[in-house]
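S.K.: Provided herewith is a single structure, encoded as structure tokens, for subsequent inquiry.
The values are calculated or read from the model by the stated rules, or taken from the named source; none is laboratory data. Worth saying up front: this structure is predicted, and the values here are computed from it rather than measured. Here the Cβ is made from the backbone with ideal geometry for all residues, glycine too, and neighbour counts use every protein chain on show.
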Ligand code: C2E
Ligand code: CA
Ligand code: CA
């Protein structure tokens with residue numbers, strides 16, 4: 001009961017911790033670490049430090065298979081090993097599978113080392129008990145101007161946690177490094193004007209005949225001072241600042257215009273896939289601007305596919321089902337990106353009228369270990385008439401196996417890397433011969 005009480009009141013408690021919880025529960029019963037109340041109370045006078053949040057993944061399976069007691073035993077082992085990392089760390093069990101760690105005045109370059117040590121703890125546990133597989137995602141935030149604030153840290157780390165989940169398991173993010181200070185709305189707009197920000201295109205190959213069936217638009221930013229700025233940083237900034245709706249519209253319009261131009265010279269037209277951020281789906285003008293762009297450019301809607309990444313946030317978007325239906329009623333296709341990475345909802349295959357599922361690179365690499373698993377997954381997806389794309393195909397072996405398995409499309413360095421528009425023009429011309 002107590003456990004449940006804490007869980008349901010967790011969000012509120014971030015704001016209302018005023019007194020030190022002096023009863024027996026001030027320590028976590030299983031691990032002897034600070035409990036969340038006590039921990040936050042002790043942090044309230046801190047000024048400069050780093051807050052690290054560790055999320056463990058895999059315990060549902062352990063608890064279900066081997067029992068909760070066994071899961072608790074592993075949690076205890078993990079916390080004992082975390083304690084050994086250093087006695088200058090304050091460690092708390094924030095909830096069942098989340099740990100909070102606070103350290104005063106640590107140098108930026110030492111934070112990464114500390115995070116590596118935490119990852120090592122999890123690796124050690126996995127190596128010492130061969131029947132379990134635990135993953136972890138770690139995020140951290142550092143305060144250097146006497147402005148440490150637990151509530152602020154927790155709120156900012158929520159977004160960082162989502163970012164790492166999007167990247168997969170065993171990923172980390174340092175909040176300070178999330179995007180460099182030179183990335184802001186002005187610098188993006190200047191870069192667009194100067195053609196520093198452009199779209200590259202990566203072909204999607206029909207595995208039956210080896211021909212280009214379509215392309216995916218991927219944003220690229222080459223800055224003369226800072227070099228290549230990763231799409232994750234640019235898109236991450238745009239999402240956090242709300243600018244994604246402006247940038248996303250620009251991407252969609254530019255991609256439609258460029259591919260329309262290419263298609264004008266092709267007998268067999270190619271499809272265009274555009275990545276759509278979950279934040280765009282939440283924009284009430286989203287559907288309207290898609291309609292406007294298609295009308296303005298006269299882009300054939302049946303050639304347009306929107307790639308949406310599945311994650312836990314998406315399930316919380318109100319009326320996501322209706323938005324998908326409306327997109328489909330416009331003749332536009334929907335693709336679920338990064339399937340098999342982090343959040344997997346079979347629901348999308350079963351209950352949504354999805355046109356395409358993109359199997360994440362990590363699943364494709366799994367072909368080496370268990371091709372039958374991938375084969376069955378592809379077959380299962382095919383039962384709902386959904387097209388299956390394999391992402392991140394780098395090896396001939398993967399390509400050949402996917403061909404045997406009956407996967408529909410492949411994308412990856414083995415076939416083509418993302419390329420600039422002029423190069424794509426040459427490649428599709430050659431491909432059409
Ligand atoms: P994504 O949509 O999953 O795109 C696939 C990523 O994998 C791309 O990284 C691509 O360059 C890379 N890739 C393709 N083939 C291979 C391969 O064989 N091996 C490996 N290792 N990687 C491969 P990129 O361009 O860095 O983009 C990263 C992510 O940024 C994208 O992941 C997407 O989520 C986001 N992104 C990129 N462009 C856009 C955009 O225009 N709009 C939005 N909303 N997001 C974008
Ligand atoms: Ca994509
Ligand atoms: Ca992907």
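S.K.: Quick test of your reading of the structure: residue 411 fulfils all but one of (1) touching a strand residue (DSSP E or B) at 6+ places or on another chain (Cβ under 8 Å); (2) at pLDDT below 95; (3) under 18 Å from residue 359 (Cβ atoms). Name the failing condition by number.
M.R.: Residue 411 satisfies all of (1) touching a strand residue (DSSP E or B) at 6+ places or on another chain (Cβ under 8 Å); (2) at pLDDT below 95; (3) under 18 Å from residue 359 (Cβ atoms) except (2).
S.K.: A further question on this structure: Within segment 253-270, how many residues are more than 14 Å from residue 201 (Cβ to Cβ), in a helix (DSSP H, G or I) and touching a helix residue (DSSP H, G or I) at 6+ places or on another chain (Cβ under 7 Å)?
M.R.: So the answer is 1.
Conditions tested, residue by residue: (1) touching a residue at least 60 places away in the same chain (Cβ under 8 Å); (2) surrounded by fewer than 18 Cβ atoms within 10 Å (Cβ to Cβ); (3) within 24 Å of residue 387 (Cα to Cα).
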residue: 230; (1), (2), (3): no, yes, no
residue: 237; (1), (2), (3): no, no, no
residue: 250; (1), (2), (3): no, yes, no
residue: 256; (1), (2), (3): no, no, yes
residue: 259; (1), (2), (3): no, no, yes
residue: 273; (1), (2), (3): yes, no, yes
residue: 281; (1), (2), (3): no, no, yes
residue: 292; (1), (2), (3): no, yes, no
residue: 296; (1), (2), (3): no, yes, no
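S.K.: Would you confirm whether any residue within segment 177-196 is closer than 30 Å to residue 405 by Cα and touching a helix residue (DSSP H, G or I) at 6+ places or on another chain (Cβ under 7 Å)?
M.R.: no
S.K.: Of the numbered conditions (1) under 22 Å from residue 59 (Cα atoms); (2) surrounded by fewer than 18 Cβ atoms within 10 Å (Cβ to Cβ); (3) out of contact with any helix residue (DSSP H, G or I) (no Cβ under 6 Å at 6 or more places or on another chain), residue 132 fails exactly one; give the number of that condition.
M.R.: (3)
S.K.: Return yes or no: is residue 364 under 24 Å from the mean Cα position of the chain (by Cα), within 16 Å of ligand 2 (Cβ to nearest atom) and within 26 Å of residue 418 (Cβ to Cβ)?
M.R.: For residue 364, the condition - under 24 Å from the mean Cα position of the chain (by Cα), within 16 Å of ligand 2 (Cβ to nearest atom) and within 26 Å of residue 418 (Cβ to Cβ) - is met.
S.K.: Now for a different question. Would you mind finding the one in 118, 78, 106 that is surrounded by 15 or more Cβ atoms within 10 Å (Cβ to Cβ), in contact with a strand residue (DSSP E or B) (Cβ under 9 Å, 6 or more places away or on another chain) and not in a helix (DSSP H, G or I)?
M.R.: Exactly one of 118, 78, 106 is surrounded by 15 or more Cβ atoms within 10 Å (Cβ to Cβ), in contact with a strand residue (DSSP E or B) (Cβ under 9 Å, 6 or more places away or on another chain) and not in a helix (DSSP H, G or I), namely 106.
S.K.: So for segment 375-387 (the condition being more than 22 Å from residue 309 (Cβ to Cβ) and crowded, with 21+ Cβ neighbours inside 10 Å), does at least one residue qualify?
M.R.: No, segment 375-387 contains no residue that is more than 22 Å from residue 309 (Cβ to Cβ) and crowded, with 21+ Cβ neighbours inside 10 Å.
S.K.: Moving on. Being closer than 22 Å to residue 259 by Cβ and free of Cβ contacts under 8 Å to residues at least 12 places away in the same chain narrows it down to one residue among 385, 422, 370, 376; which is it?
M.R.: Of the residues listed, the single one that is closer than 22 Å to residue 259 by Cβ and free of Cβ contacts under 8 Å to residues at least 12 places away in the same chain is 422.
S.K.: While we're looking at this one, here's another question. Mind telling me which of the residues 148, 99 ends up being surrounded by 17 or more Cβ atoms within 10 Å (Cβ to Cβ), in contact with a strand residue (DSSP E or B) (Cβ under 6 Å, 6 or more places away or on another chain) and closer than 20 Å to residue 26 by Cα?
M.R.: Among 148, 99, only 99 is surrounded by 17 or more Cβ atoms within 10 Å (Cβ to Cβ), in contact with a strand residue (DSSP E or B) (Cβ under 6 Å, 6 or more places away or on another chain) and closer than 20 Å to residue 26 by Cα.
S.K.: Something else about it: Name the single residue that is modelled with the highest pLDDT among those in segment 155-176 being farther than 19 Å from residue 117 by Cα and crowded, with 18+ Cβ neighbours inside 10 Å.
M.R.: 157
S.K.: Another question, if that's okay. Would you please name the residue that is surrounded by the most Cβ atoms within 10 Å (Cβ to Cβ), looking only at residues in segment 36-53 that are in contact with a helix residue (DSSP H, G or I) (Cβ under 6 Å, 6 or more places away or on another chain) and under 20 Å from residue 80 (Cα atoms)?
M.R.: So, considering only residues that are in contact with a helix residue (DSSP H, G or I) (Cβ under 6 Å, 6 or more places away or on another chain) and under 20 Å from residue 80 (Cα atoms), the one surrounded by the most Cβ atoms within 10 Å (Cβ to Cβ) is 51.
S.K.: Could you please find all residues in segment 342-381 being in a helix (DSSP H, G or I), in contact with a strand residue (DSSP E or B) (Cβ under 7 Å, 6 or more places away or on another chain) and away from ligand 3 (no atom under 15 Å from the Cβ)?
M.R.: Scanning segment 342-381 gives 349, 378, 381.
S.K.: I'd like to verify a number: residues in segment 196-233 that are in a strand (DSSP E or B), within 18 Å of residue 186 (Cα to Cα) and within 16 Å of ligand 2 (Cβ to nearest atom), how many?
M.R.: 2
Conditions (1) at pLDDT 90 or above; (2) part of a helix (DSSP H, G or I); (3) under 26 Å from the mean Cα position of the chain (by Cα), marked per residue:
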position: 61; (1), (2), (3): yes, yes, yes
position: 71; (1), (2), (3): yes, yes, no
position: 91; (1), (2), (3): yes, no, no
position: 94; (1), (2), (3): yes, no, yes
